[in-house]
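**Q** For reference, the structure I am asking about is given below.
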Amino acid sequence: MPRMGFRIPVRGWRAWLVVAAVALDTAVLAQAPSGPGAVSEPAGARGAEPSAQPPVLPLTADSGVLLGGPVRTPDATLTLYNRPVMNFRASMLGAPPADRAHVARARLADLLTQGGPGVVTLHDIPQGTAVLVDGQYGFIVTHEDAVLSHAPGARQVADRAAGALRRVIAETRESRDAAFLLHAALLAAIATAVWVALVLLIRWVWRRSATALMGIARRHAGHLTIGGGEVISRERLISAARYTVSAVAIFVILLVTWQWLGYVLGRFPYTRPWSEGLTTFLVGASVGTVEAVARSLPSLAVAVLIFVVARAVDRMQRRLFDRVQSGEVELATIDRDTAPATRRLATIAIWLFAIAMAYPYIPGSDTDAFKGLSVLLGLMVSVGASGIVGQAASGLILMYTRTYRPGEFVQVAGRDGTVMSMGLFTTRLRTGMGEELTLPNSLVMGSVVTNHSRTARTPGFVAQASVTIGYDVPWRQVHAMLEEAARRTAGVEATPVPRVFQTALSDFYVEYRLACEVAATEPGARMAVISALNGAIQDVFNENGVQILSPHYLEDPARPKIVPPAHWYAPPARRPDDRVAPEAGATPAT
């Protein structure tokens, strides 16, 4: 029998069990018959003289075969010179995989230090397949290891382990070859010099590209405007260009460094597994990315097709509502004022429908991360946009109920002004004093809106002026003076005729209100006409000796505050039977 040369660092009673099993198997070798096919050598070991008859281990009740199926225990990997050789998965003779790996590592290290030819062979035994180095026992791959590894048999697992062991043996010889190490160091030095040169070249290109790109951004930043305003400021565009070039340069440097590190580590036997791991990771990640993109191309094509159709439908409805807004097309329920809002609503509905239809075809939409992000965004929108939705609903109600339209003169919350624009969230009013008011649509919905332009027969608005006069002034005289003031005011329409109303008989005075139509449409012109009308009222009252006041008193006067019939038609009022011809260009009083 060949000398086994055991030098196993024993650790615990389980390791002693392994030692006892190997000794027992060795003692039985002399009596174990060997038949054809008992020894199986790989093609690389043919022609080598076997140093001894390989051992055949008998199958016994306590040989490590677990009746009823293998029991899963923590795996342990046999690693030699930084390279994994075998992954033990099952226990043997009560020794767990960790102890089996520890004993096998010590055994193989001892065999490799003997300086033999390093021929690795396999031998099938009842327990599985034994791996031999120069005809001496290295370790055993059991049937339970194969079952737990989902392999067809122990022979296949042992064959892979033997290949890794042969590579370890070759690398150990390289690590003892001074010429090989010197050549590897020279190649590593050359690769390092090339890497440094490439990094410097990338930095030079980085700076030149950043300078050129920032110059382009500086020249063209002012051309990116929408509605007279810059889409992005010059400083932000320059920063974005600089950061983009920096990100590309850093990525290229990292890629070059990755390749350099993998090449240098691959020159030396001990670090070669690290190099293979780096290369495998990069290739696997690249191939996985390409495969993922290739698999997602059909679904992505469907999603793109949905968005293309949605864009075409959106353009069609935009053209339709643009023609409605311009007056080329008339619809029963949509006019020029509601066409812009309807167009925006249709656009939102079309794209929301397209997103809902394309969502299942978007790559990654079925992952938990994508679903969680969608739920989070939906929750944020639903919670944070409650006020915005209310404002938008108010704007839509105002538009479709046609409460007012742009260009009309209205009074909202005690403020008069011309409607300049109606938005989904706010309404803008411009007063004759040069002020511009922005009113939230929710405020408008909660207020009384007085539209002074809706009842006017001509383009313009209905102007009103109010005065309070005591009961001692004839009401017919007050009517006549207010009508006279309206006729004197430039901008007040003669048709329809201005009218005066007594709106209230208060405790101390009568309230009179003059209503007339004004043709002015601009906010400033409207305010000028109203101011001129108030001035004309004061002039007419002063000319006729009537004070504009609201008398209050604490006791009854000495003389009754009444108007005698002789004064009922005080000038400029006229009796109904008067037939005085009106002056040229004047409108008869009523």
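The values are calculated or read from the model by the stated rules, or taken from the named source; none is laboratory data. Owing to the predicted nature of the structure, the values given are computational and were not obtained by experimental measurement. Methodologically, a virtual Cβ is constructed for each residue, glycine included, from the backbone with ideal geometry; neighbour enumeration extends over all protein chains shown. Just so you know, the surface numbers come from the protein's heavy atoms only, side chains and all, with ligands and any DNA or RNA stripped out. Shrake-Rupley method; radii C 1.70, N 1.55, O 1.52, S 1.80 Å.
**Q** From the list V497, V467, which one is surrounded by fewer than 16 Cβ atoms within 10 Å (Cβ to Cβ) and under 30 Å from A566 (Cα atoms)? Lay out the reasoning, then the answer.
**A** Details: V467 fails: surrounded by fewer than 16 Cβ atoms within 10 Å (Cβ to Cβ).
V497 is the lone residue from the list that is surrounded by fewer than 16 Cβ atoms within 10 Å (Cβ to Cβ) and under 30 Å from A566 (Cα atoms).
**Q** Now, a different point. Please enumerate the residues belonging to the range 128-156 that are buried (at least 24 other Cβ atoms within 10 Å of the Cβ) and assigned to a helix (DSSP H, G or I).
**A** Answer for the range 128-156, where residues must be buried (at least 24 other Cβ atoms within 10 Å of the Cβ) and assigned to a helix (DSSP H, G or I): E144, D145, A154.
**Q** Could you say whether any residue in the range 279-290 is surrounded by 15 or more Cβ atoms within 10 Å (Cβ to Cβ), in a helix (DSSP H, G or I) and at pLDDT below 85?
**A** So far as the range 279-290 goes, yes, one or more of its residues are surrounded by 15 or more Cβ atoms within 10 Å (Cβ to Cβ), in a helix (DSSP H, G or I) and at pLDDT below 85.
**Q** Could you list, in sequence order, the residues of the range 192-203 that are more than 37 Å from the chain's Cα centre (by Cα), open to solvent by less than 60 Å² (accessible area, probe 1.4 Å) and touching a residue at least 24 places away in the same chain (Cβ under 8 Å)?
**A** Matches in the range 192-203: T192 only.
**Q** For K561, work out the one condition from (1) in contact with a Phe, Trp or Tyr (Cβ under 6 Å, 6 or more places away or on another chain); (2) modelled with pLDDT of 80 or more it doesn't fulfil.
**A** (2)
**Q** Then there is this: For residues that are open to solvent by less than 90 Å² (accessible area, probe 1.4 Å) and in a strand (DSSP E or B), scanning just the range 204-259, find the one that is modelled with the highest pLDDT.
**A** In this case the residue turns out to be T225.
**Q** Can you find a residue in the range 292-311 that is open to solvent by 100 Å² or more (accessible area, probe 1.4 Å) and either touching a residue at least 40 places away in the same chain (Cβ under 8 Å) or within 21 Å of T401 (Cα to Cα) (or both)?
**A** Within the range 292-311, not a single residue is open to solvent by 100 Å² or more (accessible area, probe 1.4 Å) and either touching a residue at least 40 places away in the same chain (Cβ under 8 Å) or within 21 Å of T401 (Cα to Cα) (or both).
**Q** Being small (G, A, S) and under 29 Å from I125 (Cα atoms) is true for just one of A193, A161, A178, A188. Which residue is that?
**A** So the residue among A193, A161, A178, A188 that is small (G, A, S) and under 29 Å from I125 (Cα atoms) is A161.
**Q** Tell me, which residue of the range 411-454 that is in contact (Cβ under 8 Å) with a residue 60 or more places away in the chain and more than 24 Å from P340 (Cβ to Cβ) is surrounded by the most Cβ atoms within 10 Å (Cβ to Cβ)?
**A** My answer is G432.
**Q** For V264, indicate whether it is under 28 Å from R203 (Cα atoms), over 36 Å from the mean Cα position of the chain (by Cα) and in contact (Cβ under 8 Å) with a residue 60 or more places away in the chain.
**A** Taking the combined requirement at face value, the residue satisfies it.
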